[in-house]
Amino acid sequence: MKYLSFFLLIMVTLASCKNETKVTDEISKIKMPVHIERFDKEFSAATPADLAGLKANYPFMFSKTYPDAFWMNKIQDTLQQDLSKAVLKTFPKTNDVEKDITSLFQHLIYYYPEFNKPRVIGTTSYVDYRNKVIVTDSIDIIALDTYLGPDHEFYLGVQEYIRNGFTKGLIVVDLAGAYADSYILPTKNKTLLDEMISAGKRLYFKDLMIPFKTDAEKIEYSTAQLEWAAANETYIWKYFVERELLYSTDSKLPSRFINPAPFSKFYLAEIDNESPGRIGAYMGWQIVRAYMEHHKDVSFKDMFNMSAEDIFNQSKFKPKK
């Protein structure tokens, strides 16, 4: 009987690998070339004679509230010129970014056939890092000046945990996150568990849409931070359970364990400074993964619509030891 169970496990594993390979092959055959339109270049080089054509091609980039003189003054603004030069230096070409976005779009249309490829526009934003990417039904806008590298001089004064996300390799991660917000309906989160599973669903969406990115990149951790989280899962879980935090509605818990932060707030001196922020999101991710691993007959779309409590109760989640 023991050997039969082992044999069945091997067969299931092989079948799963074969299916994953088939899916990967089908996705790779989808024709979805992406070209990033460099509005940033065109805008920085524009003359008064070019402005009408630029506005016709990119009407969504120009508010009708402002006259042409406003836009010409902006083009000639010293800070705008410095931003444009810095972006051009970091992004003389965007082939690698376009390759990533092409793969993201291939995955999106495979899983969501109704997806229509949008125009992808590169721009500058005076380093508006709270809006690094904007996703709509027909247009995706990327603020290229928020991806110049974490040590760029423009980011002096920005906290390190935020600056660490200012790398070109994370453009597609941020786009996938924005699409997750579009495709996963918002829920009324009351408890910490609600918040954890909600964040976990969005990270699982990235598992599906950008599998070519590492787990560290998906959650925007360093390799060391991801290793710390994996090594301490049992301790973290014990902390949440013993303090009865999972079903707590304390409004401070999201800022302690879900929202971006330099570290998670256990209020324990020996652990706080070692921990990465968003550790609750990481744990929610593992719960969602555990659920999907044990329920291969459930589609991810159906899972996205399930309650946090149902996902948790049926996940058979066990933290790594």
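Among Q81, L156, I210, whose Cα sits farthest toward the positive end of the charge dipole of the chain (+1 at Cβ of Lys/Arg, -1 at Cβ of Asp/Glu, about the Cα centre)?
Value: I210.
What net charge do the residues around A281 carry, taking every other residue with its C-beta under 9 Å from that of A281, with Lys and Arg at +1 and Asp and Glu at -1?
+1
On each of the three principal axes of the Cα atoms of region 174-258, give max minus min coordinate, whole Å, ordered largest first.
37, 31, 17 Å, listed from the longest principal axis down.
Using the Cβ atoms and a cut-off under 13 Å, what net charge is assigned to the surroundings of S251, where Lys and Arg are +1 and Asp and Glu are -1?
Result for the local shell: 0.
What is the Rg over Rh value, at two decimals, for region 257-309, using alpha-carbon atoms and the Kirkwood definition of Rh? List each step's numbers first, then the result.
Details: Rg = 14.5 Å, Rh = 12.7 Å.
Ratio of gyration radius to Kirkwood radius: 1.15.
222 nm [θ] for the chain, helices only, -39500 (n - 2.57) per DSSP H run of 4+, per residue, to 500?
Details: 17 runs with 176 residues, N = 321.
After summing the helix terms and dividing by the residues of the chain, the value is -16500 deg cm²/dmol.
Check cross-link reach from K320 to the lysines: straight Cα distance under 24 Å, and skip same-chain residues fewer than eight apart.
Straight-line reach from K320, under 24 Å: K201, K206, K213, K218, K238, K265, K296.
Past 23 Å, Cα to Cα: identify those pairs from K188/K321; K41/K132; K41/K74; K89/K132; K22/K99, in the order given.
On the way: K188/K321 32 Å; K41/K132 18 Å; K41/K74 14 Å; K89/K132 19 Å; K22/K99 21 Å.
Over 23 Å apart, Cα to Cα: K188/K321.
If you average 1/r over all unlike Cα pairs in region 192-315 and invert the result, what Kirkwood radius do you get in angstrom? Walk me through the numbers on the way to the answer.
Values: mean 1/r = 0.0680 Å⁻¹.
14.7 Å is the Kirkwood radius here.
Quick one, can you get me the convex hull of the C-alpha atoms of region 97-229 expressed as volume per residue in Å³?
Working: hull volume 16.6 nm³, N = 133.
That works out to 125 Å³ per residue.
Anything in the chain that counts as a DSSP H helix reaching 30 Å or more along its axis (C-alpha) with Kyte-Doolittle mean of at least -1.0? List them, would you? Could the numbers behind the result be given before it?
Values: long enough: 2-28 (39 Å, 0.48).
Span-like helices here: 2-28.
Just the number, please: Stokes-Einstein D of the chain in µm²/s, Kirkwood Rh from C-alpha pairs, 4 °C, 1.567 mPa s.
Values: Rh = 21.9 Å.
Calculated translational D: 59 µm²/s.
How much net charge surrounds K89 when only other residues with a Cβ under 13 Å from its Cβ are counted (Lys, Arg +1; Asp, Glu -1)? Let's see the in-between values first.
Values: positive: K41, K85, K93, K168; negative: D40, D82, D145, E153.
Here the count lands on 0.
DSSP loop (so not H, G, I, E, B), at most 12 other Cβ within 10 Å: list which trypsin sites (Lys or Arg not before Pro) in region 66-96 pass both filters. Please list the in-between numbers first.
Numbers: sites: K74, K85, K89, K93; in loops: K93.
Qualifying residues, ordered by number: K93.
Considering only DSSP beta bridges whose two residues both sit in the chain, what percent are antiparallel, to the nearest 5? List each step's numbers first, then the result.
On the way: 3 of 11 bridges.
Of those bridges, close to 25 percent are antiparallel.
The numbers here are math on the coordinates, done by the rules we state, and not lab data. Just so we're clear, the structure is a prediction, and the values are computed from it rather than from any experiment. Neighbour counts are summed over all protein chains in view; Cβ atoms, including those assigned to glycine, are modelled from backbone coordinates with ideal geometry.
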